[in-house]
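Read through the structure below, which is laid out as structure tokens, and then see the notes.
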Amino acid sequence: MQIIQVAAEVAVQTSQVVGNLGVLGYGLAAIGPGIGVGLVVSKTIESIARQPELAARLQVTMWLGIAFTEALALIGLATPFIFAV
């Protein structure tokens, strides 16, 4: 009987660790897109400062870059749910 109780406790502790690793994984997955969006916006502002006549075209490109970069964050959010045990 004690073996079953010990096995149940180990299973609970393992599931808690796996859940915590999922949260840690998403936190790490969100760092990359956060840095990426910052770089995209900063370079767009720099480009608009150099050539103001291209502001409209640069902003469209910036929004596309932000959208693709944020897609990585959404993939990082969805991955633990897809591969949950």
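Give all pairs with beta carbons closer than 7 Å in which a residue from segment 71-83 that is part of a helix (DSSP H, G or I) meets a residue that is surrounded by fewer than 14 Cβ atoms within 10 Å (Cβ to Cβ) and modelled with pLDDT of 80 or more; count only pairs at least 6 apart in sequence or on separate chains.
Taking only residues 6 or more apart or on different chains, the pairs are L72/G32.
Of all residues in segment 46-60, count the ones that are surrounded by 12 or more Cβ atoms within 10 Å (Cβ to Cβ), among the aliphatic types (A, V, I, L, M) and free of Cβ contacts under 8 Å to residues at least 12 places away in the same chain.
Residues that pass the stated criteria total 3.
Take the residues in segment 61-85 that are over 13 Å from G32 (Cβ atoms) and among the aliphatic types (A, V, I, L, M), then tell me which one is surrounded by the most Cβ atoms within 10 Å (Cβ to Cβ).
M62
If you go through segment 47-66 one residue at a time, do you hit one that is in a helix (DSSP H, G or I), within 16 Å of the chain's Cα centre (by Cα) and at pLDDT 75 or above?
Filtering segment 47-66 for residues in a helix (DSSP H, G or I) gives 47-50, 52-66.
Checking which are within 16 Å of the chain's Cα centre (by Cα) leaves us with 65-66.
Narrowing further to those that are at pLDDT 75 or above: 65-66.
Within segment 47-66 (the criterion being in a helix (DSSP H, G or I), within 16 Å of the chain's Cα centre (by Cα) and at pLDDT 75 or above), the answer is yes, since at least one residue qualifies.
The values are calculated or read from the model by the stated rules, or taken from the named source; none is laboratory data. Quick caveat: nothing in here was measured; it's all calculated off a predicted structure. Quick reminder, even Gly has a Cβ in these numbers, built from the backbone with ideal geometry, and neighbours come from all protein chains shown.
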